[in-house]
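*Asks:* Sharing a structure with you now.
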2 protein chains.
Amino acid sequence: MASLLRLPSLLSPSKPLLRRRLPAARLAAPATSRSQASAAAGAAAPAASETRGGDREGQVTPRSVDFNAWYTDVIAAAELADYGPVRGTMVIRPYGYAIWEAIQDYLNVKFKETGHSNMYFPQEASHVEGFSPELALVTIGGGKELEEKLVVRPTSETIVNHMFTKWIQSYRDLPLMINQWVNVTRWEMRTKPFIRTLEFLWQEGHTAHATLEEAEKEAMQMIDVYTKFAYEQAAIPVIPGRKSRVETFAGANRTYTIEAMMGDKKALQAGTSHNLGQNFSRAFGTQFMDENGQIEHVWQTSWAISTRFVGGIIMTHGDDAGLMLPPRIAPIQVVIVPIWKKGDEKAVVLESVDSVQKILKEAGIRVKVDDSELRTPGWKFNHYEMKGIPVRIEIGPRDVTNNSVVVSRRDVPGKQGKEFGVSMDPSILVNHIKGRLEDIQASLLQKAITFRDSNIVDVSSYGELKEAIAEGKWARGPWSASDADELKVKEETSATIRCYPFEQPEGTKKCFMTGNPAEEVAIFAKSY
Amino acid sequence: MASLLRLPSLLSPSKPLLRRRLPAARLAAPATSRSQASAAAGAAAPAASETRGGDREGQVTPRSVDFNAWYTDVIAAAELADYGPVRGTMVIRPYGYAIWEAIQDYLNVKFKETGHSNMYFPQEASHVEGFSPELALVTIGGGKELEEKLVVRPTSETIVNHMFTKWIQSYRDLPLMINQWVNVTRWEMRTKPFIRTLEFLWQEGHTAHATLEEAEKEAMQMIDVYTKFAYEQAAIPVIPGRKSRVETFAGANRTYTIEAMMGDKKALQAGTSHNLGQNFSRAFGTQFMDENGQIEHVWQTSWAISTRFVGGIIMTHGDDAGLMLPPRIAPIQVVIVPIWKKGDEKAVVLESVDSVQKILKEAGIRVKVDDSELRTPGWKFNHYEMKGIPVRIEIGPRDVTNNSVVVSRRDVPGKQGKEFGVSMDPSILVNHIKGRLEDIQASLLQKAITFRDSNIVDVSSYGELKEAIAEGKWARGPWSASDADELKVKEETSATIRCYPFEQPEGTKKCFMTGNPAEEVAIFAKSY
C-alpha cells in the first residue's frame, strides 16, 4: 500500500488543524501573489485562514482577475470536487455529485418519456487496432498478460453494434432505443476538473431505426431534449446547431451540438447528438428484414451529455462570491440561518426555524438548516453564497417577535437582494419563496442571454472575424468555404466552427471568407 | 474494427430470420438433449422455434431437470442479460436493468434517510503491490506504456482512505458518510451471469466515525437496511449474521452478511457490511482531532450490494415457466392482454383496455398493454409468464359486455390462479389489483420462508452435518472449533460457515465438532 500512503506530517497537536486546506489558505493572501501564498500554505497555513468563523473563509480568486484560478478555487471552496491521486483524475464530492444527480433525474425522465430504456454494456471490450490514441488499455488480468488487450470504455458504439447485430433481425425489433449512465475513460493530456478528465461520467444513448428519416428525427429530438434541459433547468442559453464537416464525430453523418458561452466567453460543447447513418451497421453487419422481406442495414443515432455540464453551470453563473446555482437544479434551494445572541433567545429562534423548515419542506422546497454553533452567521452567509444556494432565510429574535423572516437572493448582492419582514404565515411564505426561486431561475437565464448576445459579433469579413476572436468574442457570419479554409481559421485564430445554428437569419448570404453565396451562417469561437 | 466484426452468415433472404436466437431454438428440442439442440441452432433454427405466435417460444429447461441450465435459459428468454464479447462479461438488458433500477431506487432513498450522500471516486488508482490476484491492470494509456500500472477499481477502500485523510481533520468533520453506485472489475475465472462476472455494478458505502461504537452501530444499521430490503421488497428471507474469522473480509474486524437460500438450496451471499475498525485509517494515516484536542485514527465501515442480487431474485422465485418477480420490485406489475377474434370486436376491446390501463396507472400501478397483432394471446401469456410479471389482465368482448376483466396470478398456475368477472369499476378494480399484488408479495415471501426452513437441518455432530450437506441442505449447529476445523469442513464437504445468525437459539450449546462449550450456532452450506 506504500504508493498510496500519505504521511500526515502536518497532523500534530501543536499545529492548528482547522482550515488547513490549500485553496482557502492560498486565498487568504492577496490574489495577485497566488504562487507565494501557495508556497506558504505548503509549509503552514497563514493565520488569517485559521480564524474560525472568520469571513475570509472560502474566498476565491476574483473571477475578473483570473478566470481559470477562480474556477478551480470555486470547485475546491464549494466542495464540488477534488483531485484524485492519479494525474488527471477527479473525485466528485457529494455537493458536486448532487448537481449531477439533478441532471440525471431530469434527463432520465425525459429519456424514458421519449421511449428509451436504460441498460448496461460492459466497459471492457476488445482492442480495436488503429483506433484513437486516447485509450486506456488493460493488458494484465488476474495476474497474467492477456492475449488480447482490452480497451476501457471511451464510448460504446462498437460494443453496442456488436450486440445490436445479435438482437435485431426484423423490423419488429425496431426501433431499438437504449441509454446507459456510465463512466468513460479517455487518456487526455491537459485536464481540467469536470471539463476534461481522464475519466468522466455521462449518459450515452444509442438507437437503431428502420429508416434514415426516423434516425434523423431521433437525433434532432435528443438535441432538442438537451436544449430544453439547458434553458429550462440549468438556465444556460445554449445555441443548438449542426457541426461542420471538420468538427463532425468521425463515425457520424451529422453531429448536432449545443454550444454554451462560459463567463470568459469561451465556448463549451455541452452535449451532442449524432446521426450515425449506416456507418456502424455496415461495419458490423447490423441488418434487419423489412416488412417486404428485404434485408437492410439499420440507421442509427447516439447522443451524450456528461459531468462536463457541471463545469458549464459553474462557468456560466458563478461570480466572485462563488458558485451560483439555478434553483431548479440546486441540491439545496433555501438555507435557513438562525441568529441569536443571548442564551434565552436560542430556543425561541430555533422553534421558528424548525417551523419554517417544515413549512417549506412540505411545499416541496429543498431546504437546509444550519444551526451549528461552531460557525458565526457571517461565516455561514459567505459559505452558502460560495455554495451558490439561491435563497437564504435569516431568522433572529426580532423576526420571531414580528412573525416574519429576512429573505436574501444569492443573485442580487447586498441590501438590494434582501427583503425584510416576509411573513411566516405558511401560505404567504411558501408563495413568496416559490416566487423568488422562479425569479432567480428566470433572472439567471436572462442575464446569461444578455451576456451571450452582447458577445456575439456578426462578421462579414475574415478581418472582422479575427478582430472579434481577438476580443475573446464569438463571431457569426455566412460561411461556405472549404474545410481547408476552416482549418486555416483555426490555425490563425484558435477559433473553430462551433456550429451552424438552427436559427438562421433571413435573406441571401455571402461567405465572409470567399465571397461566394452561402446557405448558412456559422458561429466561430475559441472553446474548451 | 476487425476483431469485433461479426459477419452475419445466417442473414440471407432465403433463410427465415424470425426467432433465430439461440436459447429459444435450443429449447425447442427436448430438454434432455440440450447440446444437440444448441449445435443445431448454430446451423439453422429448428422449425418449431420459428413459428410466429407458437406457444413453445421462450420455453426453458425445467428447473428440476437442470437448475444451472434453467437459470441461464431464463436469463436469455426473459431478456435479462446477454454475454458480452469479452469472456466473462455481461450485457445487462433493459428488463434486467430495470430490476436493478428498482433495487437502486429503494436503497438510494434508505441510504439518504440514514444520512449518506452519493459521490464518485475515480476508478483508476495506483497499483498496490502484492494485492489480490483478481485485478485488471491498465498498463498503456494514450498510446504509451505507463510508468505506474493502474488498477481498475475492484473496490474503493484504498482511494476512499486516501481522500478521507485529506478531508478529515477534526471531530467536526465526522461522521463522514458516503456512498457510490459504480462498476467494479474482478478477474474471475469461473463466471455466471449476475452472480460472478468480470465486471459488475454495485453500491459501496464508506463511512468514518469518531468512535468504535459508532462504526459498529453503522455497520449493523446497514446490514439491517439490506435485510429489510431483502424481506420486504425482494421477498427473499435472508438470514443476517456475522461471518466467521475465516470468511471475514481481509480488511475488516467484523463482516456482517445476509445469506439467501437459492432454489437449488445453495447459499448466496447477497450483501455485506464491514466494521473496518482502524485498519485502513492506520494504514493511511486517516486521523482527526477529537473534542479534547487528542489526535485519533478514525473508525470505519464499508458495505455493498451488487447486481448479484438480481441473480438471487431469479434463483429464489423462478419456476419452470420462467422468472417470477415480487410485485414491489417488478418493473411491470400488471400486463394487459386484449383478446378479440372478429374485426368489429377490436375497437371495443381496445377501448376498455385503454380505460383499464389509465385507471391502474393513475393508481400508481406499473402497467403495460400488449396489443400487438403480431403475436397470439397464447404466445403473450407464455411470454409474460417468462418475464415474471405478477398479474395478467385479459379483456375480451364478453368481458367488455360484462364490464369486467379476467385476472391471473403469475404465482398460482392454471385455473386456480384465475379470477373471472372482476369489475372494471375503477375503485373495485384498483382495490382488487392492489390486493392481489400484496397477496403475491406476501405469498412469495412465505413460500421462500417455508422452503428455507424445511431445508435447514439442526445438527449436533459432524456426521449429521455431512449428511445434511450431502443432501444439499444447510446445516445449523453449535460451533466453537478452530479455523483449521472450519477449513477441514470446507475441504471435506465443500460447505463453509455462511454466518453466525443474529437470531440464536436459547440455552447452553456444545460445539458439534469438538464437544466444547459453544456461544453460538453457525450455519454451514455450499454457496455460489
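*Asks:* Quick check, is B:PRO122 surrounded by 19 or more Cβ atoms within 10 Å (Cβ to Cβ) and closer than 16 Å to B:GLN180 by Cβ?
*Replies:* Taking the combined requirement at face value, the residue satisfies it.
*Asks:* Sort out which residues of segment B:91-115 are facing chain A (nearest Cβ under 9 Å), in contact (Cβ under 8 Å) with a residue 24 or more places away in the chain and closer than 23 Å to B:ARG153 by Cβ, and write them in order of number.
*Replies:* Listed by number, the residues that qualify are B:ILE92, B:GLY96, B:TRP100, B:GLU101.
*Asks:* Also, I was wondering about something else. Can we say B:ASP319 is over 26 Å from the mean Cα position of the chain (by Cα) and farther than 21 Å from B:SER423 by Cα?
*Replies:* no
*Asks:* Next question. Do any strands (runs of 3 or more DSSP E) entirely within segment A:418-499 hold 1 or more residues that are farther than 20 Å from A:THR257 by Cβ, and if so, which?
*Replies:* A:418-423, A:456-458
*Asks:* Got a number for residues in segment A:400-445 being of a type in the set (Ser, Thr, Tyr) and out of contact with any helix residue (DSSP H, G or I) (no Cβ under 8 Å at 6 or more places or on another chain)?
*Replies:* 4
*Asks:* Another question about this same structure. Is there a residue being in contact with a strand residue (DSSP E or B) (Cβ under 6 Å, 6 or more places away or on another chain), assigned to a strand (DSSP E or B) and surrounded by fewer than 19 Cβ atoms within 10 Å (Cβ to Cβ) anywhere in segment B:373-383?
*Replies:* Among the residues of segment B:373-383, not one is in contact with a strand residue (DSSP E or B) (Cβ under 6 Å, 6 or more places away or on another chain), assigned to a strand (DSSP E or B) and surrounded by fewer than 19 Cβ atoms within 10 Å (Cβ to Cβ), which makes the answer no.
*Asks:* Ok, one more. Please list, ordered by first then second residue, the pairs with beta carbon atoms under 8 Å, 6 or more apart or interchain, first in segment A:146-173 and under 12 Å from A:SER126 (Cβ atoms) and facing chain B (nearest Cβ under 10 Å), second open to solvent by 40 Å² or more (accessible area, probe 1.4 Å) and polar (S, T, N, Q).
*Replies:* If the second residue must be open to solvent by 40 Å² or more (accessible area, probe 1.4 Å) and polar (S, T, N, Q), the pairs left are A:GLU148/B:SER3.
*Asks:* I've got another one for you. Being closer than 30 Å to A:MET222 by Cα and not in a helix (DSSP H, G or I) is the requirement here; does A:PRO122 meet it?
*Replies:* For A:PRO122, the condition - closer than 30 Å to A:MET222 by Cα and not in a helix (DSSP H, G or I) - is met.
*Asks:* Every residue in segment B:448-464 that is in contact (Cβ under 8 Å) with a residue 12 or more places away in the chain and either within 28 Å of the chain's Cα centre (by Cα) or loosely packed, with under 13 Cβ neighbours inside 10 Å (or both), please.
*Replies:* Result: B:ALA448, B:ILE449, B:PHE451, B:ARG452, B:ASN455, B:ILE456, B:VAL457, B:ASP458, B:SER461.
*Asks:* Kindly check whether there is at least one residue in segment B:308-326 that is within 14 Å of another protein chain (Cβ to nearest Cβ) and assigned to a strand (DSSP E or B).
*Replies:* Checking segment B:308-326: not a single residue is within 14 Å of another protein chain (Cβ to nearest Cβ) and assigned to a strand (DSSP E or B).
*Asks:* For segment B:211-228, which residues satisfy the criterion of being in contact with a strand residue (DSSP E or B) (Cβ under 6 Å, 6 or more places away or on another chain) and farther than 27 Å from B:ILE295 by Cα?
*Replies:* B:MET222, B:ILE223, B:TYR226, B:THR227 - these are the residues of segment B:211-228 that are in contact with a strand residue (DSSP E or B) (Cβ under 6 Å, 6 or more places away or on another chain) and farther than 27 Å from B:ILE295 by Cα.
*Asks:* Identify, by number, the condition in (1) within 19 Å of B:LEU268 (Cβ to Cβ); (2) assigned to a strand (DSSP E or B) that B:GLU247 doesn't meet.
*Replies:* B:GLU247 satisfies every listed condition except (2).
*Asks:* I'm trying to understand the selection: among the residues of segment A:423-447, which are loosely packed, with under 13 Cβ neighbours inside 10 Å and in contact (Cβ under 8 Å) with a residue 12 or more places away in the chain?
*Replies:* A:GLU438 - this is the single residue of segment A:423-447 that is loosely packed, with under 13 Cβ neighbours inside 10 Å and in contact (Cβ under 8 Å) with a residue 12 or more places away in the chain.
*Asks:* Continuing with the same structure: Tell me the residue from B:ILE313, B:ILE305, B:ILE359, B:ILE329 that is surrounded by fewer than 22 Cβ atoms within 10 Å (Cβ to Cβ) and either touching a Phe, Trp or Tyr at 6+ places or on another chain (Cβ under 6 Å) or β-branched (Val, Ile, Thr) (or both), please.
*Replies:* B:ILE359
*Asks:* Could I ask something else about it? Would you pick out the residues in segment A:272-282 that are surrounded by 23 or more Cβ atoms within 10 Å (Cβ to Cβ) and either of a type in the set (A, V, I, L, M) or on the phi > 0 side of the Ramachandran plot (or both)?
*Replies:* A:LEU276 - this is the single residue of segment A:272-282 that is surrounded by 23 or more Cβ atoms within 10 Å (Cβ to Cβ) and either of a type in the set (A, V, I, L, M) or on the phi > 0 side of the Ramachandran plot (or both).
*Asks:* Looking only at segment A:247-275, count how many residues are in contact with a helix residue (DSSP H, G or I) (Cβ under 8 Å, 6 or more places away or on another chain) and within 14 Å of chain B (Cβ to nearest Cβ).
*Replies:* Residues meeting the conditions: 1.
*Asks:* All but one of (1) within 9 Å of chain B (Cβ to nearest Cβ); (2) in contact (Cβ under 8 Å) with a residue 12 or more places away in the chain; (3) surrounded by fewer than 18 Cβ atoms within 10 Å (Cβ to Cβ) hold for A:ASN183; state the number of the condition that does not hold.
*Replies:* That leaves (3) as the condition not met.
*Asks:* Answer with yes or no whether A:VAL348 is open to solvent by less than 30 Å² (accessible area, probe 1.4 Å) and either of a type in the set (Val, Ile, Thr) or in a strand (DSSP E or B) (or both).
*Replies:* Criteria not met by A:VAL348.
*Asks:* Hey, can you tell me all the residues within segment B:399-420 that are surrounded by fewer than 17 Cβ atoms within 10 Å (Cβ to Cβ) and under 28 Å from B:LYS447 (Cα atoms)?
*Replies:* B:VAL412, B:PRO413, B:GLY414, B:LYS415, B:GLN416, B:GLY417, B:LYS418, B:GLU419, B:PHE420
*Asks:* Testing A:GLU134 on (1) at pLDDT 95 or above; (2) facing another protein chain (nearest Cβ under 7 Å); (3) in contact with a Pro (Cβ under 9 Å, 6 or more places away or on another chain); (4) closer than 27 Å to A:ARG87 by Cβ, one condition comes back false. Which one is that?
*Replies:* (1)
*Asks:* Name the strands (runs of 3 or more DSSP E) wholly within segment B:252-305 that hold at least 3 residues that are closer than 18 Å to B:PHE524 by Cα and in the same structural domain as B:VAL160 (by TED's automatic domain parsing)?
*Replies:* Ranges flagged: B:254-261, B:267-277.
*Asks:* Taking the condition assigned by TED's automatic domain parsing to the domain that holds A:GLU204 and modelled with pLDDT under 95, does A:ALA125 pass?
*Replies:* Judged against the criteria, A:ALA125 is a match.
Listed here are the residues, each with its yes/no results for (1) acidic (Asp, Glu); (2) under 30 Å from A:LYS447 (Cβ atoms); (3) open to solvent by less than 10 Å² (accessible area, probe 1.4 Å); (4) without any contact (Cβ under 8 Å) to a residue 24 or more places away in the chain.
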position: A:HIS209; (1), (2), (3), (4): no, no, yes, no
position: A:GLU216; (1), (2), (3), (4): yes, no, no, no
position: A:GLN221; (1), (2), (3), (4): no, yes, no, no
position: A:TYR226; (1), (2), (3), (4): no, yes, yes, no
position: A:ALA234; (1), (2), (3), (4): no, yes, yes, no
position: A:PRO240; (1), (2), (3), (4): no, yes, no, no
position: A:ASN253; (1), (2), (3), (4): no, no, no, no
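*Asks:* Looking only at segment A:283-302, count every residue that is among the polar types (S, T, N, Q), open to solvent by 10 Å² or more (accessible area, probe 1.4 Å) and touching a Phe, Trp or Tyr at 6+ places or on another chain (Cβ under 7 Å) and tell me the total.
*Replies:* 0
*Asks:* In this structure, does B:MET177 turn out to be aliphatic (A, V, I, L, M) and surrounded by fewer than 20 Cβ atoms within 10 Å (Cβ to Cβ)?
*Replies:* yes
The values are calculated or read from the model by the stated rules, or taken from the named source; none is laboratory data. Here the structure is a predicted model, which is why all the values come from computation and not from measurement. Cβ sites come from the backbone with ideal geometry, for glycine too, and all protein chains shown count toward neighbours. Accessible surface is based on the protein model in full, side chains and every heavy atom, while ligands, DNA and RNA are left aside. Shrake-Rupley method; radii C 1.70, N 1.55, O 1.52, S 1.80 Å.
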